[in-house]
Amino acid sequence: MESTVIEVRTGSDEVVVDLTRRCAEYVAGVTGSGDGGGGDGGGDGLLHVFVPHATAGIAIIETGAGSDEDLLSALQDLLPADDRWEHAHGSRGHGRSHVSPALVPPYASVPVLGGRLALGTWQSICLVDLNVDNPDREVRLSFLAG
């Protein structure tokens, strides 16, 4: 298995960060498919994306058409940033960040075929981070050849 860690700066706002390009570049590098365009030399396998943080998750969603903002809005409705949370250190509502990985898990697996991510037309691999207290994240990308 091949594995690497990428650094992601999320800043001080709740965010959905599209990692698809970085994942495709990683897969292209480990499968020998060059630019991730598939074809000769590209391998098959499985990309596993994991965020080793208790307050962030990985989602496969459409981005750029409002779905990323819709996701943040839905999470805000489900997990308000108020004082209801038992886990109460950090910024107001910080405890909700510790609950969010139950809804947006800290991992996703994506098939790789011919050196390319086998995502649907509108699917993107995204880091979802509600924790405004931690602006720097690590994401582990692991490739298991098939």
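All of the numbers you see were taken from the coordinates with simple rules; none came from a lab. Note that the structure is a prediction, hence the values are computed from the model and not measured. With ideal geometry, Cβ positions are generated from the backbone for all residues, glycine too; neighbour counts draw on all protein chains shown.
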Convert each backbone phi in the range 109-125 into a coupling constant with the Karplus relation 6.51 cos²θ - 1.76 cosθ + 1.60 (shift: θ = phi - 60°), then list the ³J(HN,Hα) values in order as whole Hz, x for Gly and Pro. 10, 10, x, 10, 10, x, x, 10, 5, 8, 8, x, 3, 9, 8, 10, 8
Give me P(r) over the chain, computed from all C-alpha to C-alpha distances, binned every 10 Å, as integer percentages. 12, 40, 30, 14, 4, 0
Of Leu113, Pro80, Pro101, whose Cα points farthest to the positive end of the dipole of the chain (charges on the beta-carbon: +1 Lys, Arg; -1 Asp, Glu; origin at the Cα centre)? Leu113
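Fully extended, how many nm does the chain gain between Leu46 and His87 (0.36 nm per residue separation, minus their Cα-Cα distance)?
The Leu46-His87 span can extend by a further 11.2 nm.
From the helices alone, meaning DSSP H stretches of at least four residues, give me the mean residue ellipticity at 222 nm for the chain, per-run term -39500 (n - 2.57), in deg cm²/dmol to the nearest 500.
-6000 deg cm²/dmol
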Quick one: helix 20-31 against the long Cα principal axis of the chain, what's the angle to the nearest 10°, folded into 0 to 90? 40
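Taking neighbour counts of Cβ atoms within 10 Å as a proxy for exposure, in what order, fewest first, do Arg140, Arg21, Arg116 appear?
Details: Arg140 15, Arg21 11, Arg116 20.
Least to most surrounded, the residues fall as Arg21, Arg140, Arg116.
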